[in-house]
1. Might you check whether a residue that is in contact with a His (Cβ under 7 Å, 6 or more places away or on another chain), on the phi < 0 side of the Ramachandran plot and surrounded by 17 or more Cβ atoms within 10 Å (Cβ to Cβ) occurs anywhere in the range 177-196?
2. Quick one: how many residues across the range 167-176 are assigned to a loop (DSSP other than H, G, I, E, B) and buried (at least 17 other Cβ atoms within 10 Å of the Cβ)?
3. Within the range 51-68, does at least one residue satisfy the condition of being outside any helix (DSSP H, G or I), closer than 30 Å to I28 by Cα and free of Cβ contacts under 8 Å to residues at least 40 places away in the same chain?
4. Testing A189 on (1) out of contact with any strand residue (DSSP E or B) (no Cβ under 7 Å at 6 or more places or on another chain); (2) at pLDDT below 95, one condition comes back false. Which one is that?
5. From the list K96, K39, pick out the single residue that is open to solvent by 20 Å² or more (accessible area, probe 1.4 Å) and out of contact with any Leu (no Cβ under 7 Å at 6 or more places or on another chain).
6. W64 versus (1) crowded, with 16+ Cβ neighbours inside 10 Å; (2) under 16 Å from S11 (Cβ atoms); (3) touching a helix residue (DSSP H, G or I) at 6+ places or on another chain (Cβ under 6 Å): which is the lone unmet condition?
7. Can you tell which of C128, C135 is surrounded by fewer than 17 Cβ atoms within 10 Å (Cβ to Cβ) and without any contact (Cβ under 8 Å) to a residue 24 or more places away in the chain?
8. Can you find, within the range 142-156, the residue that is nearest to F75 (Cα to Cα) among those that are buried (at least 18 other Cβ atoms within 10 Å of the Cβ) and in contact with a strand residue (DSSP E or B) (Cβ under 8 Å, 6 or more places away or on another chain)?
Amino acid sequence: SQFRLNSKPWSFSWDEKTPGAQVLLANITGKDSYKHDLKAFLKSWLPGGDVKYTPRGLAWRTKWGPNRYSANVAFIALLAADLGLNPPAYRDFARKQIHYMLGDSGRSYVVGFGNNPPQRPHHASSSCRLAPSPCNWNDFNQPGPNPQVLYGALVGGPDQNDYYEDNRNDYIKNEVATDYNAGFQSAVAGLIQLAQ
């Protein structure tokens with residue numbers, strides 16, 4: 001009997017690894033069933049699929065960290081394209097999503113990079129003054145930019161209308177985390193490889 005994965009998982013994230021398994025199994029076994037499941041997942045993210053898009057083009061799955069989900073799916077799309085599955089469409093999707101985050105949206109969502117990058121990510125230690133000054137909630141709650149620039153961190157992202165406010169206390173739009181950056185940095189590396 002053949003092991004089957006859910007053909008249309010919600011996304012690829014810290015708690016949903018099905019698309020990653022689909023890519024690996026398609027690559028290792030070459031079986032059409034895994035490729036079919038992977039294509040069904042990615043079709044749901046392409047324009048006209050299940051995922052809504054913001055006016056400026058972000059595939060917007062949910063309000064909490066939409067950049068994370070789109071970046072992770074961009075990475076899966078690049079891997080699927082490398083397997084020969086719909087390379088033009090999947091690479092175009094990945095390119096548009098990552099470029100949105102890097103500034104095609106009118107602003108960067110990457111701390112320390114590009115046009116008008118976030119200066120107040122929801123991140124405790126980058127909110128601290130330089131040592132030996134103590135760090136406490138007063139530092140976190142001060143209104144100015146974070147004293148420490150958290151270079152390369154991808155913030156959660158905008159609402160479904162591309163509205164974003166650089167507000168440290170808005171953890172929904174400004175949280176940073178390793179699972180936000182994992183797919184993003186991998187997709188950036190994949191796009192750089194394609195450009196060479």
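1. Narrowing the range 177-196 to residues in contact with a His (Cβ under 7 Å, 6 or more places away or on another chain): none.
No, the range 177-196 contains no residue that is in contact with a His (Cβ under 7 Å, 6 or more places away or on another chain), on the phi < 0 side of the Ramachandran plot and surrounded by 17 or more Cβ atoms within 10 Å (Cβ to Cβ).
2. Adding up the residues that qualify gives 2.
3. yes
4. Here A189 clears every test but (2).
5. Only one candidate passes the filter, namely K96.
6. With respect to (1) crowded, with 16+ Cβ neighbours inside 10 Å; (2) under 16 Å from S11 (Cβ atoms); (3) touching a helix residue (DSSP H, G or I) at 6+ places or on another chain (Cβ under 6 Å), W64 is out only on (1).
7. The conditions single out C135.
8. L154
The values are calculated or read from the model by the stated rules, or taken from the named source; none is laboratory data. Keep in mind the model is a prediction, meaning the values are calculated, not measured. Every residue, glycine among them, receives a Cβ derived from its backbone with ideal geometry; neighbour counts consider all protein chains shown. Just so you know, the surface numbers come from the protein's heavy atoms only, side chains and all, with ligands and any DNA or RNA stripped out. Shrake-Rupley method; radii C 1.70, N 1.55, O 1.52, S 1.80 Å.
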